[in-house]
1. Rg and Dmax in Å for the chain, alpha carbons only: what are they?
2. Could you please put 86, 125, 8 in sequence from largest to smallest accessible area, using a 1.4 Å probe?
3. So what J values fall out for region 144-151 if you push phi through Karplus, 6.51 cos²θ - 1.76 cosθ + 1.60 with θ = phi - 60°, rounded to Hz, Gly and Pro as x?
4. Shape call for region 50-112 from the C-alpha gyration tensor, a ≥ b ≥ c root eigenvalues: rounded (a/c under 1.5), prolate (a/b greater than b/c) or oblate?
5. Would you work out what percent of the accessible area of the chain, with all protein chains in place, is carbon or sulfur (probe 1.4 Å)?
6. Going through region 23-118, which GluC sites (Glu not before Pro) have at most 15 other Cβ atoms within 10 Å and a DSSP loop state?
7. What does the helix-only formula give at 222 nm for the chain: each DSSP H stretch with n ≥ 4 adding -39500 (n - 2.57), the total divided by the residues, and the result rounded to the nearest 500 deg cm²/dmol?
8. In percent, how large is the relative contact order of the chain, given Cα pairs closer than 8 Å and 6 or more residues apart?
Amino acid sequence: GCEAVSGSIALQWYGFKVDKFTLLKYQPMMEQPTKDGVWGDPNKVFVGNPRTHKWGCYSPVIKKAIEDYFKANMINDYEVVSLNGSKFTDLYQEIDDGNPIILWVTTRMQNLEKGDTWKLEDGSSFTWTLHEHCVCLIGYDTENDTVIISDPYDSNGTVEYPRKTVEKVYKQLNNMALVIHKK
């Protein structure tokens, strides 16, 4: 569950004592399809099981998980803000303000590929983006035109990528991003 891990990384940035499993307690999941073969909408639930494999979820699910974590722990001085639709370089202001960005990209910034397709409750179909991944954007270097990412998938933990590469996959995944703010 790179999405929950990235959410936990952002929470740890602010000093919260969470581990990679903390947000899974608050993350809505649909681990199996219905008898009719209907799977969940990744904007509403984690589709599959993050402990094994399957697909994942998008920003509204992690936003809700963090909000529910705050509520359950009576944390009232922080909020989760959707940055969905933001231009990539506009995210730099959040970094300048000391806020890591939970960012949807692809694993190792691979090109997008169509993945599995399934039926949703409303009868429409949904096609998953193969290699969907979630990371934390924690810095940038304008001189070298790179960004610094805390990547749950990379054994080094922190990696640097060309900005244009990250921006490209960020756009392809519909500019999804979240940030945590102290109120």
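1. Computed over the Cα atoms of the chain, radius of gyration and Dmax are 16.0, 54 Å.
2. These residues rank, largest area first, as 125, 86, 8.
3. Whole-Hz 3J(HN,Hα) from phi for region 144-151: 9, 6, 10, 10, 10, 10, 8, 10.
4. oblate
5. 46 percent
6. 31
7. Computed ellipticity for the chain at 222 nm equals -6500 deg cm²/dmol.
8. Relative contact order comes out at 24 percent.
The values are calculated or read from the model by the stated rules, or taken from the named source; none is laboratory data. Please read these numbers as outputs of a predicted model, since none were measured by experiment. In this analysis, Cβ positions are derived from the backbone assuming ideal geometry, glycine residues included, and neighbour counts consider all displayed protein chains. Accessible surface areas use protein heavy atoms only, side chains included; no ligands, DNA or RNA. Shrake-Rupley method; radii C 1.70, N 1.55, O 1.52, S 1.80 Å.
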